[in-house]
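Structure, as structure tokens:
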Amino acid sequence: MSNVKSKGPKDNIGAQKNIAQKEIDNAEKKESTETAPDKEHNHSGILGGNSEFIFAVLCGLFLGAGFGLSFIDESLSSTSLILYIAAYFFGGFFTVREAIQTISKGGFKIDFLMLVAAIGAAILGAWKEGALLLFLFSLGHALENYAMARARKSITALTSLAPPTAIVLRDGEQQVVPIELLIVGDIIVVKPNTKIPADGVVVKGEGSVNQAPITGESIPVDKLPVPDQTKDYSVEKKIKPEHRVFAGTINGAAVLEIKVIKEAKDSTISKLIKMVNEVEKQKSPTQLFTDRFEKFFVPVVLILVTCLCFAFLVIDEPFSKSFYRAMAVLVAASPCALAISTPSAVLSGVARAARGGVLIKGGRPLEDLGALNAIAFDKTGTLTEGKPQLVDIIALNGIPKIELMVLVVALEKLSDHPLAEAIVKGMADVIKGQELPKATQVKGVVGKGVQGKVNGAKLSIGNKAMFSQGEETKIPAELIERVQGLESKGYTSMLVKKDDVFIGILALMDIPRNEARQVLSELSNLGIKKMIMLTGDNQQVAEAIAGQIGITEVWGSLLPEDKVNAVMELNKSEGMVAMVGDGVNDAPAMAKSTVGIAMGAAGSDVALETADVALMADKLESLPFAIGLSRMAKRIIKQNLWISLGIVAVLIPLTILGITSIGPAVVAHEGSTLVVVFNALRLLAYKKKVINSEEVKNEVVK
């Protein structure tokens with residue numbers, strides 16, 4: 001476009017934004033420092049992200065050259081030694097660095113054990129074996145970090161979702177500015193088939209937006225302009241999905257103008273990146289177990305190795321043989337595979353969930369999801385659509401239904417009550433083209449309904465309470481019986497009265513989600529024994545909804561504190577319980593559950609902060625996917641533990657007895673490390689499937 005200018009903001013806001021930019025940069029630096037996945041394993045160095053791999057290859061080249069020369073001519077042994085020493089340098093560079101970092105913190109880890117073993121081999125004059133040890137260890141470590149990076153990339157790819165710049169309207173002109181310089185209230189122009197640069201609301205244009213990168217929704221969502229473009233939507237808690245857009249989502253075929261409601265550092269995508277980076281700090285129960293195991297295991301190994309060094313005092317062998325055996329045990333006993341087995345599985349599981357529109361905050365909820373015995377659901381907005389719909393219109397006393405609807409719409413369209421909106425929307429198609437009379441003297445009766453005059457007649461629309469005062473407004477017994485019959489089925493009933501005659505009944509209901517029955521069936525097949533609805537609605541309404549979707553238990557008429565008590569009671573009786581809600585009203589109950597799960601968390605700060613698991617889209621069908629993924633993650637974690645502990649358990653006796661030397665021990669040890677990492681990476685390929693009851697029985701047996 002010829003009128004798009006690549007320049008910064010005007011001078012009157014330039015200074016303010018420069019300061020803001022500095023604050024953003026400082027915050028990002030601090031965040032990157034705090035959330036670095038594992039500083040001890042961050043081996044970018046001078047040569048970039050491949051430096052550890054390059055050093056490992058150089059180690060191998062020097063080792064191979066030295067080994068080759070020793071076969072060609074024994075007189076070149078001194079040259080071979082120099083090559084082995086060079087192999088030591090490149091193979092041990094990162095190992096020494098990590099060992100120093102660990103010791104400075106007062107601990108001893110795997111890297112320290114590897115280093116001691118290599119030094120021991122050098123003391124024995126076994127430079128070749130020591131170089132082989134360092135080569136395989138450094139190569140294994142480099143490949144391990146590469147494999148782990150693949151899992152991290154699935155998460156950190158979020159950072160590249162938002163475009164770096166935005167077209168912003170200022171002083172009647174379009175300017176291209178970095179997204180960090182956008183401020184709340186800016187109007188940005190988003191061209192067709194481009195990424196949306198900021199969280200905001202649509203103020204001009206209509207079209208569809210692909211929200212899959214943030215919410216996991218497979219179908220584009222239609223967007224419309226907000227009714228009041230001057231309103232400050234940055235402070236609104238509830239913004240309708242058809243008006244709201246997120247940074248990183250993809251615009252369709254229309255040009256949209258969007259009002260920014262969050263700065264780049266506060267956008268939904270920024271919060272996701274920050275929370276996912278924090279995942280590695282939140283360790284799973286299995287990970288805590290392996291940490292405790294290592295804490296005691298490493299000192300025990302060091303004591304055992306020290307004792308083996310003096311085996312020559314007990315058995316008839318030279319010190320060199322005892323020392324070599326001790327070093328072989330040191331290599332064999334290093335629990336490298338154990339240390340990486342759980343973090344790699346957790347990270348892969350969290351990455352796969354994020355791709356499916358589910359944010360799982362760490363290893364604990366990832367493991368706990370697969371062990372749930374019961375799930376408690378909020379009703380409104382979770383199992384139901386969350387908004388009432390007109391489902392039946394009953395005309396009384398001879399009035400034609402079309403005339404009843406015309407009168408009702410004429411009055412209700414002037415009310416801002418949610419039920420009025422549902423009534424007007426439900427009748428819109430039927431009365432399309434009908435001329436509506438003018439309603440006057442319209443007033444709302446709080447908690448009861450609405451009144452006004454239409455065509456000179458007094459029209460009242462409301463619940464039973466609106467017509468239960470005074471003899472002249474008394475509801476006939478047969479009409480009360482009819483209304484009670486509707487309410488027993490879960491309907492909300494509204495009576496329509498024209499002057500002194502009741503002319504109709506309107507039945508509304510917060511209908512169940514289309515997918516609710518199928519999702520509950522899948523959860524049952526996954527082995528969830530109990531599914532409970534917790535709601536503030538009366539028991540009759542709740543049971544009517546439950547009957548349509550197949551919920552197992554209904555606890556109605558609950559206040560927020562009652563929901564908390566209900567979850568605590570379920571924790572005692574069922575053991576592992578999840579609470580599924582919107583993350584706002586249900587936050588206290590979520591906090592008391594084993595796993596708190598928030599629906600439609602995209603854009604909701606409270607939901608993202610409160611829940612252990614956030615379903616980014618308002619889609620209940622993401623729940624079986626998350627539980628199935630957790631089940632697979634738990635299986636892989638168990639497999640990894642058996643592999644890593646099994647290798648250590650086999651190698652230690654073999655090396656103590658002298659059956660295995662350092663070389664084979666290193667190959668087996670580092671091979672097991674790669675096996676557990678690549679086993680964990682299988683989670684990245686997880687696909688949702690419906691599990692039948694027989695499979696669940698087999699899973700329980702396993």
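How far apart, in nm, are the 7 Å Cα→Cβ label points at LEU224 and SER320?
Modelled inter-label distance: 8.8 nm.
Quick one: if you stick a label point 7 Å off each Cα along the C-beta vector at LYS458 and GLU609, how many nm between them?
Distance between label points: 5.0 nm.
Please tell me which of these pairs span more than 31 angstrom C-alpha to C-alpha: LYS195/LYS687; LYS231/LYS563; LYS489/LYS687; LYS191/LYS619?
As for pairs spanning more than 31 Å Cα to Cα, those are LYS231/LYS563; LYS489/LYS687.
What ranking, highest mean first, results for peptides 82-94, 638-650 when packing means the other Cβ atoms within 10 Å averaged over each residue? All intermediate terms of the calculation are to be shown ahead of the outcome.
Details: 82-94: 22.2, 638-650: 17.7.
Ranked by mean Cβ neighbours within 10 Å, highest first: 82-94, 638-650.
Only four residue types carry charge here, +1 at the Cβ of Lys and Arg and -1 at the Cβ of Asp and Glu. Report the dipole size of segment 432-571 about the Cα centre in Debye, rounded to the nearest 20.
It comes to approximately 540 debye.
Distance in nm between label sites at GLN518 and GLU621, each 7 Å beyond Cα in the beta-carbon direction?
Computed distance between label sites GLN518 and GLU621 equals 0.4 nm.
If r is the Cβ-Cβ distance from SER488 to VAL430 and R0 is 25 Å, what FRET efficiency results, to the nearest 0.05?
E between SER488 and VAL430, to the nearest 0.05, is 0.40.
R0 = 25 Å: FRET efficiency of PHE293 with ILE119, Cβ-based, nearest 0.05?
On the way: r = 25 Å, r/R0 = 1.02.
About 0.45, to the nearest 0.05.
What number, in percent, do you get for the relative contact order of segment 389-509 if the mean sequence gap of Cα pairs under 8 Å and at least 6 apart is divided by its residue count?
Rounded, it is 30 percent for segment 389-509.
How do 567-574, 128-135, 590-597 rank on mean C-beta neighbours within 10 Å, highest first?
So the peptides 567-574, 128-135, 590-597, ranked by packing, come out 128-135, 590-597, 567-574.
Considering only PRO437, ILE402, GLN484, whose Cα is most displaced toward the positive end of the charge dipole of segment 389-509, charges sitting on Cβ of Lys, Arg (+1) and Asp, Glu (-1)?
PRO437
Taking a threshold of 22 Å on the Cα-Cα distance, which of the pairs LYS237/LYS413; LYS413/LYS498; LYS237/LYS271; LYS379/LYS413 fall above it?
As for pairs spanning more than 22 Å Cα to Cα, those are LYS237/LYS413; LYS379/LYS413.
Rounded to the nearest whole Å³, what is the per residue volume of the convex hull around the Cα atoms of segment 389-509?
So the per-residue hull volume is 100 Å³.
Can you give the extra length, in nm with one decimal, that the chain gains between VAL650 and ASP266 once fully stretched, where that is 0.36 nm per residue apart less the Cα-Cα distance?
Length difference between fully extended and current span is 133.1 nm.
Treat every Asp and Glu Cβ in segment 476-541 as -1 and every Lys and Arg Cβ as +1, leave all other atoms uncharged, and give the resulting dipole magnitude about the Cα centre to the nearest 20 debye. List each step's numbers first, then the result.
Numbers: 8 positive and 9 negative charges, 63 e Å.
For this selection, approximately 300 debye.
Dipole magnitude of segment 389-509 about its Cα centre, charges +1 at Lys/Arg Cβ and -1 at Asp/Glu Cβ only, in debye to the nearest 20?
Its charge dipole is roughly 200 debye.
Values quoted throughout were computed directly from the atomic coordinates according to the rules given, and no laboratory measurement underlies them. All values derive from a computational prediction rather than experimental measurement. In this analysis, Cβ positions are derived from the backbone assuming ideal geometry, glycine residues included, and neighbour counts consider all displayed protein chains.
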